[in-house]
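The values are calculated or read from the model by the stated rules, or taken from the named source; none is laboratory data. All values derive from a computational prediction rather than experimental measurement. Here the Cβ is made from the backbone with ideal geometry for all residues, glycine too, and neighbour counts use every protein chain on show.
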Amino acid sequence: MAVVSVTVNGRVYEIGCDDSQIARIQQLGRMVDDKAQELLRQIGTVPDSRLLVMVGLMLADELTEARDLVKAAGTDLAAVAEGDNRMAAGIEALAGRIESIADRLERS
């Protein structure tokens, strides 16, 4: 098991993780620190525990918005797929009519 140092608001936190997750944990730590710095620019100095809770809430809000977008996109994709299915059925019906007309013309 690896130990990764993550710095948030100038404080170093040691985080244990699998060796394969080191780069990911470092990336996520930078993301948390970026959010913390954004908050500090907006509201000024706050205790670390409160800052981390606020960062957690911001990230949870972003995650919720992303999930809502994915859900809406899934609904949109389902509607597009249904439209494609209807269009395909319409094309098949037209092809059948064209074949029928062609058969009648050949018999004439």
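The residue of segment 26-70 that is nearest to V3 (Cα to Cα), among those that are free of Cβ contacts under 8 Å to residues at least 12 places away in the same chain and polar (S, T, N, Q), is Q27. Applying a threshold of 6 Å to beta carbon distances and a minimum spacing of six or more residues, or different chains, the list of pairs starting in segment 81-108 at a residue that is in a helix (DSSP H, G or I) and ending at one that is at pLDDT below 85 is empty.
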